[in-house]
Amino acid sequence: TTPPPPPPRPRGADEAHIHTRHYSDRVPPLLPLRVPTFPSFLVLVLVVGEAAGTIMSGLGRSQSIRELAKKRTGSPLGWDRDENLKSSTVVIKVGTSSLVDQESGLPALSKIAALIEAICQLKRKDRNVVLVSSGAVGFGCLALGLQERPKGVMMKQALAATGQAKLMELYGRMFNSLGESCAQVLLTYENLGNKSQADNAVNTFEALFKLGVVPIVNENDTVAVEELRFGDNDCLSAMVAAVIGARMLIILTDVDGLYDKNPTKHKDAKRIAVVEKVEDLDVDVSSKGSSLGTGGMATKITAAKIATASGVEMSIVSAVDPYVILKVMNGDSVGTLFKRRKLVTSRNHKRWIAALPARQFLYLDEGAVKAIKKKKSLFSAGITKIIGTFPSNVSIGICDMKGNVFAHGLVNYSSMELELLKGRQMSDVPKILGYIGADSIVHRGNIVLLEFDPTSPESKAHATGLEESKS
């Protein structure tokens, strides 16, 4: 007999599975499909349209970046190195006193906006611009209602963490309003003092240049300790300019250049337009930084020595009108220009060695000093004294017997090892250390002779200061 037919399904179930009934014997439906109503259909269209717009915008952004990289480097991918990028690079340093109005204590928005617009004008002229900006602690003080910088290290670090976010938020909005992008780069002395970390930093700068992004550099106050600090952003800007091989360093400050006397004390002070040799200066640099800043004219002279010794020209100009940086790049006589020194080599690692202020030193006998000046390598027999504690592969100052720093070098041994090796022959290294090390303490290819006058007080400053601190 014929089996009875199956009972009819409920009408609601037929409506719920109207689009999947003929697949029911093979694949059960995962979700019931319903005919969308008009409002839900409109929402679906809007969501899909927004997603498509985002995707197309991302593709357009990717294409524009690729075209920009190709234009800047000549490579389809745009990631090959281009030495022309370095020759067109300008480093601009602005201090806290230039970012904050001294009377009201509030951010000087009009001055900051003028600075950003001037930077964007340089970028439109195919210049790569690095902005070294102080102000993290200052903006932290403003955010929390403090009138002066605190003296405690932990409090400064906390304020730096607070103010850096505020500072970058302000910079980001202003650059975006002009169609440009910026990036935050925080550095410490330890970062630039380590060769591999310094190389990574340089690679980051070059990648940002090729993307058309303006790097904004500041010292990483949150993690930096007093022994590993740059001291101020004047020296930081000089070291960054030297490491990346910039053409010009422009320091915006409270005065319109370097004077032969302190202009706040002497009305007859005269501006010095050009400085050929920074070590020959005989001027009053007694001016100090502002209540929210750390710098002063003395730190700018130190920055000039670092920059010019590394082949970078430096200008000190007034921050009253930030558009003055355009005049500097046009060659106008504004502020004070420090002429660069011509390096014997353009190799990047020698620029790095020359740029890094030595905080540890080797004292040599007369024979070793003469050999170094004749471009020979340094051996252990010529070392008489070691100042400071350091690992291998760091930049050290090389001094004569009187403490005059006449060269910088990349050392192959740590200070602990050198204490055992000083005055001994290199052939004794395996017996003393228990392993075969490098053939020299400092190879001649890693020595940079400084052109400073060895009789000047400045050339002794680092060594004598460190000895006094140790005693």
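Taking L337 as the residue in question, decide whether it is assigned to a helix (DSSP H, G or I) and closer than 20 Å to A241 by Cβ. No; evaluated as a whole, the condition is false for this residue. How about the stretch 401-449: which of its residues are under 14 Å from L362 (Cα atoms) and in a helix (DSSP H, G or I)? Correct list: S415, M416, E417, L418, E419, L420, L421. Applying the set (1) of a type in the set (A, V, I, L, M, F, W, C); (2) more than 21 Å from L356 (Cβ to Cβ); (3) in contact (Cβ under 8 Å) with a residue 24 or more places away in the chain; (4) open to solvent by 10 Å² or more (accessible area, probe 1.4 Å) to F175 leaves exactly one unmet item: (4). Per the listing I386, I372, the residue uniquely without any contact (Cβ under 8 Å) to a residue 60 or more places away in the chain and either assigned to a loop (DSSP other than H, G, I, E, B) or in contact with a strand residue (DSSP E or B) (Cβ under 7 Å, 6 or more places away or on another chain) (or both) is I386.
Residue by residue, here is whether (1) open to solvent by 20 Å² or more (accessible area, probe 1.4 Å); (2) of a type in the set (A, V, I, L, M); (3) in a strand (DSSP E or B) holds:
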{"position": "V223", "(1), (2), (3)": "yes, yes, no"}
{"position": "A246", "(1), (2), (3)": "no, yes, no"}
{"position": "V255", "(1), (2), (3)": "yes, yes, no"}
{"position": "T264", "(1), (2), (3)": "yes, no, no"}
{"position": "K267", "(1), (2), (3)": "yes, no, no"}
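Within the stretch 341-352, is there a residue that is at pLDDT 90 or above, surrounded by 22 or more Cβ atoms within 10 Å (Cβ to Cβ) and under 22 Å from the mean Cα position of the chain (by Cα)? No, the stretch 341-352 contains no residue that is at pLDDT 90 or above, surrounded by 22 or more Cβ atoms within 10 Å (Cβ to Cβ) and under 22 Å from the mean Cα position of the chain (by Cα). Consider the stretch 269-285 and keep the residues that are in contact with a helix residue (DSSP H, G or I) (Cβ under 9 Å, 6 or more places away or on another chain), among the hydrophobic types (A, V, I, L, M, F, W, C) and open to solvent by less than 40 Å² (accessible area, probe 1.4 Å). The one that is nearest to S310 (Cα to Cα) is V278.
Among the residues in the stretch 414-421, are any open to solvent by 80 Å² or more (accessible area, probe 1.4 Å), modelled with pLDDT of 85 or more and among the hydrophobic types (A, V, I, L, M, F, W, C)? Within the stretch 414-421, one or more residues are open to solvent by 80 Å² or more (accessible area, probe 1.4 Å), modelled with pLDDT of 85 or more and among the hydrophobic types (A, V, I, L, M, F, W, C). Return yes or no: is I398 outside any loop (DSSP other than H, G, I, E, B) and more than 22 Å from the chain's Cα centre (by Cα)? Answer is yes for this residue.
The values are calculated or read from the model by the stated rules, or taken from the named source; none is laboratory data. Bear in mind that the values here come from a model prediction, so they are computed numbers and not experimental data. Every residue, glycine as well, gets a Cβ built from its backbone with ideal geometry; the counts of neighbours run over all protein chains shown. Ligands, DNA and RNA are excluded from the accessible area calculation, which covers all protein heavy atoms including side chains. Shrake-Rupley method; radii C 1.70, N 1.55, O 1.52, S 1.80 Å.
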